[in-house]
1. What percentages, rounded to whole numbers, describe P(r) for segment 374-470 computed over all alpha carbon pairs with 10 Å bin width beginning at zero?
2. State, to one decimal in nm, how far the label point of residue 165 lies from the label point of residue 135, with both points 7 Å from Cα in the Cβ direction.
3. Taking the 0 to 90 degree range and rounding to the nearest ten, how far is the long axis of helix 4-16 tilted relative to the main principal axis of the chain, both from C-alpha atoms?
4. Where the Cα atoms of segment 43-105 are projected onto their three principal axes, how long is each span, largest first, in whole Å?
5. What is the order of 31, 51, fewest Cβ neighbours within 10 Å to most?
6. For segment 416-487, just run the numbers: alpha carbon Rg, then divide by 2.2 N^0.38 Å, N being how many residues it has.
7. Which value, in Å to one decimal place, does the Kirkwood hydrodynamic radius take for segment 283-430 when every pair of different Cα atoms is included?
8. Quick check: residue separation of residue 397 and residue 383 times 0.36 nm, minus the Cα distance between them. What number comes out in nm?
């Protein structure tokens, strides 16, 4: 949990500072953000919802890629603002966020509301088709939700934490009601992140239990039983002493989870969980007394993980690294890196394979990873209609529609999962790019291998007619093209 006063002062300094020279691997959006951008979510039609994380903000904007599929050249449009709920304006900062399988965007809680540290239990859900937010009641008897973590389970159910307790709940999306779950949690949910594993369970690293012989300081949630059990010792402490914050826990393509840590007075540790064996091993420490006491991580399309570190708790500058499975390799940062602490940052994996970055300023940057994906990681299409009509819905089948990972990670302050299929259509003549709206994939599970999966998609009336190429995209990695005719 963060110190609001410190954040306010730091943000003021950040906004007043000059930008650094642009690094080669980063590129600013052509059209500057109209807001000081914070939390982001990729909707299932390829647009990006972005929250204005200035104090007292109910404002959201939507970024739509241009007709070539470029987010760098995309355009901004104001979306509906958050509602007033039971007489209280919903103006959150640091909250749980998830895109539901039906395509709606859910946000829950907030460490701050209207500038006050209240760990609110307010929540709201956004319907893209109606451009409207609706209030969501909290789980029964929950006084707080705050900066809670979320995860979408394999069956599409949302798992939500109470920031300030041991409690969790499952969302029944159709009626927006909650079911209690999560027996046996060893410590508070506060400051922890949730990582979906290939077997459908959820891994967390405890923020209030130290590692040691005979001690449990990582846990696994079993959706079938609704219970937590030990995942063993991480071997090193990953939470910081003063705030109990820690870094992102990133699911990699090889089934390991790269877990990053905080340290108030020295270098942050890392640890690696092997989801196939259930064993932990040590990773490298961050150099130069850097660590991640809250901060983003993202799986790149090349299989590396991008993370954002900084010194101590809330200090500057930020330094960016890639984890390649063996080493932490420093990479260039965006223009504001010298003014950023790790917890300012947010990553979002785009359908283009790029990573979108925000840091509470209007300078939204796009990171283009080097290299590319392995063919084994691509979705495949086994069954789809060869003729599709604008304004109608269809079903498409294949494999690996949800990718190898949730792709975006942070912890309890922000989630950026994109493990759901998108459908991209490119007109063969004009090369213009259109996204269908996908809903209700058969699974939200990752690393599904050769199992047949499916998703529904709705073809927008704006799609251009004629011979086209259709792709299924998961975490920025496209399938091979399938020939279709739009009519």
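1. Over segment 374-470, the share of Cα pairs per 10 Å bin runs 15, 42, 31, 11, 1 percent.
2. My value for the distance between the label points is 2.0 nm.
3. The two axes meet at around 60 degrees.
4. 43, 27, 18
5. The order, fewest Cβ neighbours first, is 31, 51.
6. Normalised by 2.2 N^0.38 Å, the Cα Rg of segment 416-487 equals 1.14.
7. 17.1 Å
8. 4.5 nm
Each value in this text was obtained by applying a stated rule to the coordinates, not by laboratory testing. What you are looking at is a predicted structure, and each value in this text was computed from that prediction instead of being measured. Backbone-built Cβ (ideal geometry, glycine too); neighbour counts: all protein chains shown.
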